[in-house]
Amino acid sequence: MSPKFGTSGLRGLVSDLTPDLVGDYTRGFLAACPHGTGLWVGRDLRASSPALAEVVIAAARDEGVSVTDCGAVPTPALAMAAMSAGAAAVMITGSHIPADRNGLKFYVPGGEITKADEAAILATLGRAPAGLAGHRHSTFEVGGDWAARYRLAFGRALDGMKVGVWAHSAVSREPLVACLEALGARVAVLGRSDVFVPVDTEAVPAEVRALLAGWAEGLDAIVSTDGDGDRPLVADATGQIVPGDVLGQITAAALGADVVVTTVSANTGVDLAGRFGRVVRTRIGSPFVIAAMQAAGGRVVGYEPNGGFLLGFDAMGPAGPLPRLMTRDSLLPIVAALAEGKRAGSLAARVAMEPARFTVTDRLEDVPTEASQALLARVDADPAAFVASLGRVQAVDHTDGLRLTLDGGDVVHLRPSGNAPEFRIYAEAASPKAAAALMARALDLVRVALGQALQPGQGLV
């Protein structure tokens, strides 16, 4: 699958992210989009990321652009620092996808690029290098500044809590530990890895859930992020994972938001909670969430089911101000959920205060895009027949993929991935057990249908 823009920047196989291609995209970005005072560059901990970062830095300097190398740093920390400096940024990361893939996330001085920016970059590809020599600087304080933001806003909100941090290969692991300790928590570092571990916070496999449950004894919570630190993973004292959209609901309420923007794939608990003046639904991907937040204005926040949270107004934490940050962030929902859980007596008790709507997400890997699109078209032609064994269709939503609301309020949502050869399935029901059962049945239906559609030699995992 050749590199292309998806919901979170340019993604592709490492073998396809050649120096020529990465340099071309860097030049296209700098020509098509504003870069203000220069370009800030960061990377995750994949083995391929340092070399790709050097290609971006060299290409930018060759355009006469001043570059600040931030080294290994979480994506939201890089974005926050670059925006504060009035600069553009490029983050080298494949986020949650496997180590044989990687990518580039682009930021203008005002935040994440838009879909219009993506089109402008594509239209500008093919430029010859300018042959100039921009300056190169380095800073390694960016991760600490990101953590300090929450220490100032939340003070000692986690005093007395015992929190496990699943470190794995997340570039956010050191800032996350430092932040939690500064907020008063006692931290146990778990499962640190020198080999890259792909962590999808929206589709956590059974073996990881079992790992968290085994670690949970004696802890109030376990927290982590995906590889580049923009998506949170939070589990309660039993190791039960708190879904990302539930983290979003809790964080939005804690901040006193009036308007919530979320994707069509998020569960309906936010609509049923009755706490917010307005809930806006978008296509999946932070560029769509950001566009809707900008249109809404006011005390607006955004989140996705992967847990990434966007703060669109200057809020107040328990101890001080919390300035807006219009990029997907993991640390705010982690800290807010833990603080709210402490106030409620436990994280599980705080989650139980939310409407009883539960989501499960899974995916089939190595599914060619054309097979995914063909299946979606076939289901759309007769959705009632496809899900007849699951329930009767009450509503169909085409905002992003195909979202089918069944009798009783259950939901099955089918969607090809925007940046990987994957087919994603979302299920929502009134209990975790019911959601898991619905997912298992829906996954079987999709697996059989895709298996029938694939050509000999095409994969399906």
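General observations
- A count restricted to the stretch 348-376 and to residues that are within 16 Å of Gly269 (Cβ to Cβ), at pLDDT 90 or above and in contact with a strand residue (DSSP E or B) (Cβ under 7 Å, 6 or more places away or on another chain) stands at 1.
- Enumeration of residues in the stretch 68-83 that are crowded, with 24+ Cβ neighbours inside 10 Å and β-branched (Val, Ile, Thr): Val73, Thr75
- Screening the stretch 159-238 for strands (runs of 3 or more DSSP E) wholly inside it with 2 or more residues that are within 20 Å of Asp44 (Cβ to Cβ) and touching a Lys or Arg at 6+ places or on another chain (Cβ under 9 Å) returns the ranges 162-168, 186-192, 221-225.
- Contact map, the stretch 10-33: first residue under 22 Å from Val108 (Cβ atoms) and not assigned by TED's automatic domain parsing to the domain that holds Gly285, second residue outside any helix (DSSP H, G or I) and among the acidic types (Asp, Glu), Cβ cut-off under 9 Å, separation 6 or more or different chains; pairs are Thr26/Glu63; Arg27/Glu63; Leu30/Glu63; Ala31/Glu63.
- When the stretch 382-406 is filtered for residues that are under 25 Å from the mean Cα position of the chain (by Cα) and either touching a residue at least 24 places away in the same chain (Cβ under 8 Å) or assigned to a loop (DSSP other than H, G, I, E, B) (or both), the ones remaining, listed by number, are Asp397, His398, Thr399, Asp400, Gly401, Leu402, Arg403.
- Verdict on Arg447 being modelled with pLDDT under 95, of a type in the set (D, E, K, R) and in a strand (DSSP E or B): no
- Yes/no for Val379 being touching a strand residue (DSSP E or B) at 6+ places or on another chain (Cβ under 7 Å), among the aliphatic types (A, V, I, L, M) and not in a strand (DSSP E or B): yes
- Filtered by the rule that a residue be touching a Lys or Arg at 6+ places or on another chain (Cβ under 8 Å) and assigned to a helix (DSSP H, G or I), the stretch 347-375 gives a lone residue, Arg350.
- Matching entry among Arg343, Arg283 (being charged (D, E, K, R), at negative phi and without any contact (Cβ under 8 Å) to a residue 40 or more places away in the chain): Arg343
- A count restricted to the stretch 1-30 and to residues that are hydrophobic (A, V, I, L, M, F, W, C) and within 14 Å of Ala51 (Cα to Cα) stands at 4.
- In this structure, Thr201 does satisfy being modelled with pLDDT under 95, crowded, with 17+ Cβ neighbours inside 10 Å and either over 30 Å from Lys105 (Cα atoms) or not hydrophobic (A, V, I, L, M, F, W, C) (or both).
- Residues of the stretch 118-148 that turn out to be in contact with a Cys (Cβ under 9 Å, 6 or more places away or on another chain) and among the charged types (D, E, K, R), as a count: 1
The values are calculated or read from the model by the stated rules, or taken from the named source; none is laboratory data. Just so you know, these numbers come straight off a predicted model, no measurement behind them. Glycine also receives a Cβ, built like all others from the backbone with ideal geometry; neighbour counts cover every protein chain displayed.
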